[in-house]
């Protein structure tokens, strides 16, 4: 892709998350090993991951997973269709704040590809406020092309 997606609608065309569940607003940077996105969706009054009007900081894992999916789509070889994946593990997750909805301004979501093959990928992620203060960080492993048990 020659230009980076600059709107939620452009991002939604590349990842499985649609409507209000597409949480990212734009891509700031993307390389073969790293992606950086921004969003203000954490301030939505009726956030789809909110609980009683609050957005717990653990929701940052979903923000990171969407950045990972977008990274995969932007770096896919031509003719390769994005593949569905499911979070298999979140490790070393540190919650530096209790809530995301209380964070003023934009969130910055960074994900760095650590390892992967045809069946799974692992990333390190960091979610920060617009001043660079750490909010949530950790590692996520996603299993690809695995149907959920019914």
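Taken together, the values in this text are just the output of simple stated rules run on the coordinates, not laboratory data. Worth saying up front: this structure is predicted, and the values here are computed from it rather than measured. We place every Cβ from the backbone using ideal geometry, glycine too, and count neighbours over all the protein chains shown.
Assorted remarks:
- By the Stokes-Einstein formula, at 0.890 mPa s and 25 °C, the stretch 8-144 with its Kirkwood radius over alpha-carbon pairs has D equal to 165 µm²/s.
- Average Cα contact separation per residue, the stretch 46-139, under 8 Å, 6 or more apart, as relative contact order %: 30 percent
- Fewest-first sequence of 117, 145, 137 by Cβ atoms within 10 Å of each Cβ: 117, 145, 137
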